[in-house]
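The structure appears below as structure tokens.
Coordinate-derived values only; no laboratory data. Here the structure is a predicted model, which is why all the values come from computation and not from measurement. Don't worry about glycine lacking a Cβ; one is built from the backbone with ideal geometry, like all the others, and counts go over all protein chains shown.
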Amino acid sequence: MLIAIDNKQNRRFRTIMSKGLTTRAEDYSRWYTDVIMAAQLADYSPVKGCMVIRPNGYALWEKMQAALDKMFKDTGHVNAYFPLFIPESFMKKEAEHVEGFAPECAVVTHGGGKKLEEPLFIRPTSETIIWSMYKKWIQSHRDLPILINQWANVVRWEMRTRLFLRTTEFLWQEGHTAHATAEEAEEETIKMMNVYAKFAQDFMAIPVIRGIKTEQEKFAGAVRTYCIEAMMQDKRALQAGTSHNLGQNFAKAFDVTFQDENGDLKLVYATSWGVSTRLIGAIIMTHSDDKGLVLPPKLAPVQVVIIPIWKGDDQKDAVLQKVEEMTIQWNGRFAFKVDDREGYRPGWKYNEWEQRGVPLRIEIGPKDVENNQVMMARRDNGEKTAVPMANLSMTVERTLETIQNDLFKKALAYRDENLIEIDSYDEFKEKINDPGGFFWAHWCGQNACEDRLQEETKATIRCIPIDDSKRVEEGTCMLCGEPSHERVIMAKAY
RNA sequence: CGGGGCGUAGCGCAGUCCGGUUAGCGCGCCUGCCUUGGGAGCAGGAGGCCCCCAGUUCAAAUCUGGGCGCCCCGACCA
């Protein structure tokens, strides 16, 4: 007992308060929280299950938003904003949707000191209110397609929450589109899944598997749900984005029809798609290490931090002068910060910026000024090299690109190492816990086997892959032995 | 909702079993000096409804009863 307490005490003592964080090996989930706290990305709020996104975290989100928003605009979408409150009756119009969301909704019953005639749901997602409006806006095929996105907060009353990964309130974007044909809606659904995959790989440097959700895992109210799945460092899966083909379900529920070229009245086809601040959790768990956060350069709010080093005022002036000259052409090229705070020693600053995930650090002291060079340290692999002052901007730019690419390669290699084919259920039951990972396995397509899988192993079918991870081949269901025509991805998920 | 852990300074904790000085320790914070190439040092200082309520007692952080909250692990979920 005493020993246990001592250990705990020592560990905490040794961690945030003094030097390093809890390591991944020690306690992965505590490490995750420590990284967030040390990088000051977020903090717990007074309200259970909610979090405050601090400036460092919000700056990251803004970078993500900017990149995604551009991708949405480039694919023809426009932004709009729909209200937070949804009439209860709306929520109840689509049967599966109600069933899926009712248990996790927050409901406002009072306003202005009086009981409301009709309770207002706080949106867990906006399909219903949006389709109530689309009904007003759509009459003719000429009104289609509608390609609207909104950046918003939503509330889902989760039983168990974790910073960024699952909080009661979270920020996201939700695209809601309306189309004349099923083909067009399907095309849109896949297109947006691909946008997400591209964003994940090119910006977040996270490799993802694109796939289709099983009937049980799909969105409540969708005909078909596409997703991107990423592997975290603990080898668990994280659903990083979803894109739903809603078919005519919401058009039916809200009676949204249009007249086609022939004057026939037809139901509209719908899609919806979203990614959330959960992606910040994905970035943390994919790239960060025991020293703290590691950010991909393309999304890092501060890409380069410059640490001037000096002894005495003369040196200080000379070094800062050099820094000034050096960075004068950097404005608008990359995001940098000069940390010339007094009273903190260089080593202290190195650690602080490492915890915050800044991709590149440049140290410049009297010796460097003399030699017309700087020291450059990469956050991702710790490499520290002397770099000539000449063409420094170019070197920095290239190094940032290299880091971005290396992060992706490293994550991809890790993912692939831990993505294995498996045929024996007994073997699976062992390996899902140790070493863990993503497993390609045959599945017959029946709910019963899927349920059994989850009950017995806590793993779920993450998706039926449709990209390079697709494995079409004849086989037998790992669980029941019935015929299967392709493999699915099974893993434990967040 | 079940299981576990915990509420004492900004953070991490000791003290609680066995009631009794002015409630401590580390880190952080403030002031000054000195320093600055991987989390320096010295000196001084500020900071506490000991989660809340009730009870027992001459006396409660400590005992009793009740409540609240948080974290972790499970069942549900992006």
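Shown is the FRET efficiency for A:Glu215 and A:Thr385, computed with R0 = 60 Å from the Cβ-Cβ distance and rounded to the nearest 0.05: 0.65.
Would you mind ranking A:Arg341, A:Arg54 so that the residue whose beta carbon has the fewest other beta carbons within 10 Å leads the list? Sorted ascending by nearby Cβ count, the order is A:Arg341, A:Arg54.
Descending by average beta-carbon neighbour count within 10 Å, the peptides A:421-432, A:297-308 line up as A:297-308, A:421-432, the highest first. A protection proxy built from the mean count of other Cβ atoms within 10 Å ranks the segments A:116-128, A:372-384, most packed first, as A:116-128, A:372-384.
Going by neighbour counts of Cβ atoms within 10 Å, the residues A:Thr181, A:Thr168 line up, fewest first, as A:Thr181, A:Thr168. Gain on full extension, evaluated as 0.36 nm per residue between A:Trp157 and A:Lys70 minus their Cα-Cα distance, stands at 28.2 nm. Spatial offset of the range A:222-283 relative to the range A:134-150 amounts to 17 Å, using the alpha carbon center of each. The dipole here belongs to chain A: it is taken about the Cα centre, uses +1 on the Cβ of Lys and Arg and -1 on the Cβ of Asp and Glu, and is about 1540 debye. Taking every lysine pair in the range A:348-440 that is 8 or more places apart or spans two chains, those with Cα atoms closer than 26 Å amount to 7. Of interest is the spacing of the C-alpha centroids, which for the range A:30-86 and the range A:450-494 amounts to 32 Å. Rounded to the nearest 20 debye, the dipole size of the range A:304-414 about its Cα centre is 420 debye, using +1 on the Cβ of Lys and Arg and -1 on the Cβ of Asp and Glu. Summed over all non-identical Cα pairs, the Kirkwood treatment of chain A gives a radius of 25.1 Å. Residue-wise HN-Hα couplings along the range A:142-155, as the Karplus relation 6.51 cos²θ - 1.76 cosθ + 1.60 with θ = phi - 60° gives them from phi, are 5, 7, 10, x, 9, 10, 10, 10, 9, 9, 7, 9, 9, 10 Hz; Gly and Pro carry x. A dipole drawn for the range A:289-436 from +1 and -1 charges on Cβ atoms has a positive end, and of A:Gln373, A:Ala386, A:Tyr414 the residue lying farthest that way is A:Gln373. The calculated 222 nm mean residue ellipticity attributable to helices in chain A amounts to -11000 deg cm²/dmol, summing -39500 (n - 2.57) over DSSP H runs of n ≥ 4 and dividing by all residues. Spin-label model, A:Tyr81 to A:Val472: label points 7 Å out along the Cα-to-beta-carbon direction sit 4.7 nm apart. Just how large is the dipole of the range A:419-491 about the Cα centre, in debye to the nearest 20, putting +1 at every Lys and Arg Cβ and -1 at every Asp and Glu Cβ? The calculated dipole for the range A:419-491 is roughly 200 debye. Close amide H pairs (under 5 Å, H built 1.01 Å from N) link A:Leu116 with A:His110, A:Gly111, residues at least 5 positions away or on another chain. Distances between placed amide hydrogens fall under 5 Å for A:Cys105 paired with A:Trp157, all partners being 5 or more residues away or on another chain. Straightening the chain between A:Lys198 and A:Lys135 buys 19.4 nm, computed as 0.36 nm per residue apart minus the Cα-Cα spacing. Taking all Cα pairs closer than 8 Å and separated by 6 or more residues, the relative contact order of chain A comes to 13 percent. Taking 0.36 nm per residue of sequence separation and removing the Cα-Cα distance, the A:Asp255/A:Glu183 pair yields an extension gain of 23.9 nm.
Comparing A:Thr128, A:Met193, A:Thr286 along the charge dipole axis of the range A:44-287, the residue lying farthest to the positive side is A:Thr286, per the Cβ-charge model.
Computed over the range A:254-330, relative contact order equals 11 percent, with contacts defined as Cα pairs under 8 Å that lie 6+ residues apart. So, R0 is 41 Å and r is the distance between the beta-carbons of A:Gln315 and A:Asp416; what FRET efficiency does that work out to, to 0.05? Calculated transfer efficiency: 0.25.
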